[in-house]
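Scroll down for the structure; my scribbles are underneath it.
The values are calculated or read from the model by the stated rules, or taken from the named source; none is laboratory data. Quantities reported herein were computed from a predicted structural model and do not represent experimental measurements. Every residue, glycine among them, receives a Cβ derived from its backbone with ideal geometry; neighbour counts consider all protein chains shown. Ligands, DNA and RNA are excluded from the accessible area calculation, which covers all protein heavy atoms including side chains. Shrake-Rupley method; radii C 1.70, N 1.55, O 1.52, S 1.80 Å.
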Amino acid sequence: MRVLISGGHVIDPSIGADAIMDVAVAAGRVVAVAPKGEMPADFAPSKTIDATGLWVLPGLVDLSARLREPGYEYRATLESEMEAAMAGGITSLVCPPDTEPVLDEPGLIEMLKFKARQLNLAKVYPLGALTTGLNGETLTEMAELTEAGCVGFSQAESPIRDLRVLLQAMKYARNFGFTVFLRPTEPNFSKGGVAHAGAYASRMGLSGIPVMAETIALQAYFELVRTTGTRMHICRISSAKGIELVRQAKAEGLPVTCDVAIHHVHLTDLDIGFFDPNAHLIPPLREQRDRDAIRAGLLDGTIDAICSDHTPVDDDAKLLPFAESEAGATGLELLLTLTVKWMREQNVPPSRIVELLCGNPAEIIKVQAGSLRTGMPADLCLFNPEVDWVVGEASLISQGKHTPFNGFPMQGKVQLTMVNGNVGYSSLEKSKMKVLVA
């Protein structure tokens, strides 16, 4: 089908676009982006979508979304979370390997990708386990996992205690050009912690996770990168000191990138309030100065991407006393809206959020996504920056309804998401979508 997306505000720094333009789609790919009314004469659309008043963005690439399959279908299903991704404008998803069973065998990767393709919604890019069963001892067959569809390797929330094993894994990854994704945490300092180790957690009687759990791990990781030259992506940076270490590593020329979860862009440890389990997250929400450093890192390029860190948790695991509740929050449908909120608060141009949510993440996992360049897959979303809505159970498609933003008023919402030229989600009025040729 040939589709013309007409009169929207196209924002994509990869093609230098920030203006009212038309986008032409055919055979599942972008075939032209041109000023409104200047589309090539030989393009005859069979459908038009009126995007007047909407932003037209490349589909978002989310670097961390737990889809809960296989093994945790009672918390969420692949279908429910893929539909939530569509409602959030996310067309590419990276899923960590901490499923049940762990994603450490090619057959499991192939099955997950097959099920995702059958749904014909967002594209799923698994991270393979760095060690068998995430046990931190035996390396997986990374080459075979890559052939099955993995875009990198991770330990999820199970750090490798023996750095000699991590060194061996990184040497293997370097030899084949693989990227290692690690969340920095020193297990001896983070074990048993549920909140940031600061004055607020002390007053609340909550066991703390100190910043040095992050910084000690980072220092070790970067020393291993110096030794091996392995590409490393730091997942969910959370502290000012950690960000400074990443900044120094980049200045040194190390092949390092990093992301931050959208919750940490807005919230601090004070948002735990009166033991709100919805604010129980890993890494924990930290102090105001850490949040300010995150925002500064997003502005100066130290932080490469923002992810949803989507982790749907059911009522049985979440509606418990704070320290007993399971960490995690839903985020797929909030990622773009909350990033736009940060954009407005910081007076950042929209092109920067497209870099953080689309272009940079696609580059990190080396996939064709995150851009509206001619010839790219037609993965895009239409976003209304002015529509008002309130976060709540009724407004979220995800099976996970728990988020620290429950009850918050929001401005801006995705109206349509397209993957490979097919509409996967739409809340547009029918009058804005017209079929011109039967």
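Checked against (1) farther than 23 Å from Gly152 by Cα; (2) crowded, with 21+ Cβ neighbours inside 10 Å; (3) among the hydroxyl-bearing types (Ser, Thr, Tyr), Tyr221 meets all criteria but (1).
Scanning segment 56-79 for residues that are surrounded by fewer than 24 Cβ atoms within 10 Å (Cβ to Cβ), not acidic (Asp, Glu) and not in a loop (DSSP other than H, G, I, E, B) yields one hit, Leu78.
The strands (runs of 3 or more DSSP E) found entirely in segment 368-431 that carry 2 or more residues being closer than 22 Å to Leu338 by Cβ, open to solvent by less than 10 Å² (accessible area, probe 1.4 Å) and touching a residue at least 40 places away in the same chain (Cβ under 8 Å) are 380-390, 409-419. For Asn188, the conditions (1) open to solvent by 50 Å² or more (accessible area, probe 1.4 Å); (2) under 25 Å from the mean Cα position of the chain (by Cα) all hold with the exception of (2).
With respect to the stated conditions, Thr227 fails to be assigned to a helix (DSSP H, G or I), closer than 24 Å to His196 by Cα and of a type in the set (S, T, N, Q). Look at Leu285 and say whether it is touching a helix residue (DSSP H, G or I) at 6+ places or on another chain (Cβ under 9 Å) and either closer than 16 Å to Asn406 by Cα or surrounded by fewer than 18 Cβ atoms within 10 Å (Cβ to Cβ) (or both). The answer is no for Leu285. When Asn175, Asn188 are screened for being farther than 19 Å from Leu63 by Cα, at pLDDT below 95, part of a helix (DSSP H, G or I) and not hydrophobic (A, V, I, L, M, F, W, C), only Asn188 passes.
So, in segment 232-245, of the ones that are more than 19 Å from the chain's Cα centre (by Cα) and within 14 Å of Leu298 (Cα to Cα), which residue ends up most open to solvent (accessible area, probe 1.4 Å)? Don't jump to the end; show me each part of the working.
Here is the first cut: in segment 232-245, the residues more than 19 Å from the chain's Cα centre (by Cα) are 240-242, 244-245.
Checking which are within 14 Å of Leu298 (Cα to Cα) leaves us with 240, 242, 244.
On the way: Ala240: 33, Gly242: 0, Glu244: 75 Å².
For segment 232-245, the residue satisfying everything is Glu244.
Scanning segment 115-163 for residues being surrounded by fewer than 14 Cβ atoms within 10 Å (Cβ to Cβ), polar (S, T, N, Q) and within 16 Å of Val102 (Cβ to Cβ) gives a total of 1.
Scanning segment 98-114 for residues that are outside any helix (DSSP H, G or I) and aliphatic (A, V, I, L, M), which turns out most open to solvent (accessible area, probe 1.4 Å)?
Val102
Counting only helices (runs of 4 or more DSSP H) wholly contained in segment 288-362, the ones carrying 2 or more residues that are buried (at least 20 other Cβ atoms within 10 Å of the Cβ) and either without any contact (Cβ under 8 Å) to a residue 12 or more places away in the chain or not hydroxyl-bearing (Ser, Thr, Tyr) (or both) occupy 288-300, 335-346, 350-354.
Mind checking which residues of segment 147-169 are assigned to a helix (DSSP H, G or I) and under 22 Å from Cys258 (Cβ atoms)?
Answer for segment 147-169, where residues must be assigned to a helix (DSSP H, G or I) and under 22 Å from Cys258 (Cβ atoms): Leu163, Leu166, Leu167, Ala169.
Once segment 246-258 is narrowed to residues that are open to solvent by 10 Å² or more (accessible area, probe 1.4 Å) and not aliphatic (A, V, I, L, M), the residue that is nearest to Cys307 (Cα to Cα) is Thr257.
If you go through segment 39-55 and pick out every residue that is at pLDDT 95 or above, in a loop (DSSP other than H, G, I, E, B) and open to solvent by less than 30 Å² (accessible area, probe 1.4 Å), you end up with 2.
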